[in-house]
1. Which value, in debye to the nearest 20, gives the size of the charge dipole of chain B about its Cα centre, when Lys and Arg are +1 and Asp and Glu are -1 at the Cβ?
2. Would you mind checking which residues have amide H under 5 Å from B:A126's amide H? H placed 1.01 Å from N; only 5 or more apart, or other chain.
3. Considering only the label points, 7 Å along Cα→Cβ from Cα, what distances in nm to one decimal separate B:D66 from the same position in each other copy, shortest first?
4. To two decimal places, what compactness ratio does the protein assembly as shown give when its Cα radius of gyration is scaled by 2.2 N^0.38 Å?
5. Hey, if you put +1 on the Cβ of every Lys and Arg and -1 on every Asp and Glu Cβ in chain B, which of B:A193, B:G116, B:A173 ends up farthest toward the positive end of that dipole?
6. Return the tail of the calculated pair distribution for region B:143-208, meaning the percent of Cα-Cα pairs more than 16 Å apart.
7. So how tilted is helix A:22-37 from the main axis of chain A? Cα-based, degrees 0 to 90, rounded to 10.
8. For region A:52-108, with only Lys/Arg (+1) and Asp/Glu (-1) charged at the beta-carbon, what is the dipole magnitude about the Cα centre, in debye rounded to 20?
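Read-outs: derived from the displayed coordinates by stated rules, not from any lab. Predicted model only: the values in this text are computed from it and were never measured. Heads up, the Cβs are rebuilt from the backbone with ideal geometry, glycines too, and the neighbour counts pull from every protein chain shown.
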Protein chains: 2
Amino acid sequence: MAVKTTERANTVERKASQRLSASERLLAAADELFYAEGVHVVGVDRIVERAGVTKATLYSTFGSKDELVRAYLENHFRRRQARVAKVLAAHNAPRERILALFGEVEDLLAGSAFRGCRFISAAAEARPGDASEAVANGYRAWLWSLFTDLAHEAGIPNAKQFGRQLFLLYDGAAVAARMDPDRRGAAIAVRSAVTSLLDSAIPSKRRR
Amino acid sequence: MAVKTTERANTVERKASQRLSASERLLAAADELFYAEGVHVVGVDRIVERAGVTKATLYSTFGSKDELVRAYLENHFRRRQARVAKVLAAHNAPRERILALFGEVEDLLAGSAFRGCRFISAAAEARPGDASEAVANGYRAWLWSLFTDLAHEAGIPNAKQFGRQLFLLYDGAAVAARMDPDRRGAAIAVRSAVTSLLDSAIPSKRRR
DNA sequence: AAATAAACAGAACGGTCGGTATAGTAGCAG
DNA sequence: CTGCTACTATACCGACCGTTCTGTTTATTT
């Protein structure tokens, strides 16, 4: 309460001191809580409490909890797209781009913040017709085309199948991050699996 | 104590007319509903309705919904163990045993009943400390040692890492079954990935 | 036939959930 | 000043949740 009053009292320097708008704080709180504990377990009261806003603000901004969940997932979707674009932009050779993408996965596994894929988790809780289902489908469609495009770039015969294999490893890593203790072992295994699959898929020109 | 008395009361023809006991029907109903829609979404009312018993029976048998969830997962755990034992017993060569295990996965992907791994789904909904979390951990520990044992049998150097790679593919297949439309493509990709990894992991003696 | 024990049907409990209504206030544009 | 927007604060709603309780029926045991 004291915090709130302080922020509201600001005049000119308000924009500087008030870091985030109400909707941004709601999204941040939703991301933390939904990701850490699950969409169903976390109620709207805990979200508004963490965001430092009131329920009326939540409902005037997002309309419903389901729409907040959609916004939470779409927000993360955008972040993932931006991150992947950045990683891919740093490399030119198709093989290096694939490895860089999975290097990203290894980094996630190395840190403790990664608790699995938000879309897999959200879809596991969704009932048919929920907004999260649609967003998760969109995300996975994007991911799949990303993997197959990379495989195609790399000149891999049967690029669709190879893209699927990358997808399998990617999902496996996400599940392992969520459920298993040995994240480092998983990271190493992913890298090794990707290089093995690459070497056996690419018609060896000079690689061995 | 209720169970004991019931079993003792059985006469000859009762066992024939009464197909399943109350607890068995409850377990069957829980398996169908929890698996199809999720643990949180399905309430106890729907389970007792589907099982054809009353709530009092549920609570005298299992004590709570959380314990019913635990029983549901442990029951499936036992079924998986029996199924895997059967598959492994049908093959002797280590390489064939691994392929047979993943043939099982392909069969699951071919049918429409498979909607992903129950333990992954349940864990995605669990809050820390739930019974389902413990059962899921036990299941995954069993699965991991299974994969590494098979890799060791096959004489693969770095069997632990190879077991992890199999685990990654297995989880990836489970996620794909749950979330993606092209299950057949996933099945083919899994098989191809497993053979690729096998071929690159086993020091080639006569294989090529 | 009387007694015992399950399982039955169903109401009711306390709690939490998502969502709403009302009233008030700070900041800003005209 | 006036209106407008955005937000706060608080109280409340109906629905549903898991759980328990009260009776009633049914079948077996003695």
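1. Charge dipole of chain B: 600 debye, to the nearest 20.
2. For B:A126, whose amide H was placed from the backbone, there are no distant partners under 5 Å.
3. Listed shortest first, these distances are 3.0 nm.
4. Values: Rg = 24.4 Å, N = 416, 2.2 N^0.38 = 21.8 Å.
The value comes to 1.12.
5. B:A193
6. Details: 1050 of 2145 pairs.
Percent of Cα pairs beyond 16 Å in region B:143-208: 49.
7. With both axes taken from Cα atoms, the answer is about 60 degrees.
8. Details: 10 positive and 7 negative charges, 29 e Å.
That gives a dipole near 140 debye.
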